[in-house]
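**Student:** Attaching a single structure in structure tokens format; questions to follow.
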């Protein structure tokens, strides 16, 4: 019977050491597992962008001619004659008929005013207007005509010239290539940020396309809904993507 209490104490001590070691090992393994889970859930969000210069390939321009008379038929004859003058002028400037569109005539009645300046129901005349619209790939020619067409005033034509608009018609094809460039830029940014923090870029988690900004070359303007500049012949296109990667 002697020696049993000591053996019991040694047994309990051994059991305690075993349990402690087991607890330490379990804690270590659990911590490692949690760390792996944490790393697996870590992500990095970056934006990538791409810019390209573009040259407008189409110009549009609109002019409005007016004719006014006390009688509607007289105003119409005057307008018809003026339209003929305008078309001859455009042909002389080298503009083919197929790029010219003549819109419908708009008729407005003019009313007399009373002594207080209020409009009455008495018709005093008619004012007719008609728009001439050009869409052409000859950018410089359209620009020049928009500036010089007021020379027709000397021929008795009442004309208002609008500002030309300059368009780039291949934007949809360009968008695909630029999205790829913006995605590559996002990847490079993500890799640099991950490298600086001692991590590596993993799998792509999500990606979203931003709006395209078409602006004058020197402009820094952006808008949430996008910009499509039509005032400049030479412009730039900017594409942005937002990408989320896992990091490890």
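Any read-out appearing in this document is the output of simple, stated calculations on the displayed coordinates, not a laboratory observation. Here the structure is a predicted model, which means the values were calculated and not measured. Neighbour counts run over all protein chains shown; Cβ positions are idealised from the backbone, glycine included.
**Student:** Which residues in segment 222-248 have a backbone N closer than 13 Å to a point placed 7 Å from the Cα of residue 43 along the Cα-to-Cβ line?
**Tutor:** What the label zone holds, given the 13 Å backbone N cut-off, is 242-247.
**Student:** Computed FRET efficiency, Cβ-Cβ of residue 195 and residue 60, R0 45 Å: what is it to the nearest 0.05?
**Tutor:** For R0 = 45 Å, the calculated efficiency reads 0.35.
**Student:** I would also like to ask the following. Would you mind getting the Kirkwood hydrodynamic radius of segment 59-133 from its Cα pairs, rounded to one decimal in Å?
**Tutor:** Here the Kirkwood hydrodynamic radius works out to 13.9 Å.
**Student:** Next up: Using a Förster distance of 22 angstrom, determine the FRET efficiency expected from the C-beta separation of residue 138 and residue 103, and round it to 0.05.
**Tutor:** With R0 = 22 Å, the Cβ-Cβ based efficiency is 0.55.
**Student:** Post the alpha-carbon centroid distance, segment 87-156 to segment 203-240, in whole angstrom.
**Tutor:** Each part reduced to its Cα centre gives a spacing of 35 Å.
**Student:** Quick one: 76, 111, 126, fewest Cβ neighbours within 10 Å first, how do they rank?
**Tutor:** Going from sparsest to densest Cβ surroundings: 111, 76, 126.
**Student:** So for 163, 64, 215, fewest C-beta neighbours within 10 Å to most, what's the order?
**Tutor:** Fewest to most other Cβ atoms nearby, the residues stand as 163, 64, 215.
**Student:** Another one. For residue 51 and residue 165, FRET efficiency with R0 = 30 Å and r from the beta-carbon atoms, rounded to 0.05?
**Tutor:** Plugging the Cβ-Cβ distance into 1/(1 + (r/R0)^6) gives 0.85.
**Student:** From the Cα gyration tensor of segment 170-234, with a ≥ b ≥ c the square roots of its eigenvalues, which class applies: rounded if a/c is under 1.5, or else prolate if a/b is larger than b/c, or else oblate?
**Tutor:** prolate
**Student:** What is the fewest-to-most order of 104, 84 by other Cβ atoms lying within 10 Å of their Cβ?
**Tutor:** Ranked by crowding around the Cβ, least crowded first: 104, 84.
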